[in-house]
Amino acid sequence: MLAKFHAKLVVILSIVLLLTLSSTNVTLADWTLDGEGVNVTATEEDQEDMDDEDEAGEEEGEDVEGEEEGEEGEEGEEDEEEVSIPEVRGEVNEEEELVVDLDYAAGDEFKVVVSDVCEVVDKVTIKVAEDVDGQLVVTYTEDNPSDTEIEKNLGFCEFELLDIDEEVIESVNWKLMANRDELSEQDWDKDSMKLMLLKDGQWEAKDTERVDGDSDNYIYEAESDDLGDGVATLASSKSQLFTMKNGLYCLGSLVGLAVLLIIGYLLMGKSEGGKSKK
């Protein structure tokens, strides 16, 4: 009964809606909209005025689009100028030290290419909070220069600031590299490599992301507030041997254990069934 009542109510409301629409007649100036159809009427003078207004509107639209394109072009040029960071290389002396002259104002950001001497760090992008006028000296060694041990490293880059206060450094972006063949030989997982920065005599692991690579190297990026004690390396937090071979071995062992438990359970069930029959 209730369903029939709802159906009748829907039919009645539909009829009322159709009658309302058919009797609708909305008039606005010389324009007329009829419910049975849409009839548009206008005088010739009105039509000419409308044509003139349309042309004026199109011209204004073109002017606005031109202005917007010009503004977007200027904004794009400004963005390109903002992201343009000067790059410096320096010179390698007889002691195989990379010496880079730094003369920048407060707030400046500059990129130092250190791959000429360092096998771990490709570039460091440094932002300074105050004026600097001095030098950055970069060296590379395979021996740990600190008293704190660190395993699974790819060598150490040392950074020394001359005539520059360490506190003026506001931020450092690190671009690091790891040789593909060396990681494979050492069985180190390429995604476990971390920037390790010596600070207050202790090694600190920084968030490191593998971002790119070529036929020879994997490329990584990391961030830090400063250069720490001036020693950095790229180290593995785990070995590829453990993550792959031992992981598969553990998985196989778990599967085997589960199979044994199931067989044992089935055998116990059969044993209890035999006893109940007796």
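What follows is calculated from the coordinates using simple rules that are stated; it is not laboratory data. The structure displayed is predicted, hence computed values, not measured ones. Note that we place each Cβ from the backbone using ideal geometry, even for glycine, and neighbour counts take in every protein chain shown.
Key figures
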read-out: Quotient of Cα Rg and 2.2 N^0.38 Å for segment 87-240, N being how many residues it contains; value: 1.01
read-out: Estimated inter-spin distance, residue 191 and residue 94, nm [label 7 Å along Cα→Cβ]; value: 5.0
read-out: Label point 7 Å beyond Cα of residue 163 along Cβ direction - residues of segment 103-143 with amide nitrogen under 11 Å; value: 103, 133-136
read-out: Virtual paramagnetic centre 7 Å along Cα→Cβ of residue 103, amide N under 20 Å, in segment 125-146; value: 126-138
read-out: Amide hydrogen neighbours beyond the local backbone of residue 229, cut-off 5 Å, H modeled; value: 198, 199, 200
read-out: Summed side-chain charge close to residue 158 - residues other than residue 158 whose Cβ falls under 10 Å, Lys, Arg +1, Asp, Glu -1; value: -3
read-out: Approximate spin-label separation residue 212-residue 179, in nm, with each point projected 7 Å along Cα-to-Cβ; value: 2.2
read-out: Positive minus negative residues near residue 224 (Lys, Arg vs Asp, Glu; Cβ under 13 Å); value: -4
read-out: Members of 127/152; 123/199; 111/190 lying beyond 23 Å, as alpha-carbon distances in this model show; value: 127/152; 111/190
read-out: Calculated from backbone phi, Karplus (6.51, -1.76, 1.60) coupling profile of segment 171-183 in Hz, x at Gly/Pro; value: 7, 9, 9, 9, 10, 10, 9, 9, 5, 4, 5, 5, 4
read-out: For segment 108-122 versus segment 190-206, the gap between their alpha-carbon centres in whole angstrom; value: 17
read-out: Inter-label distance for residue 146 and residue 261, nm, one decimal - labels placed 7 Å from Cα along Cα-to-Cβ; value: 4.4
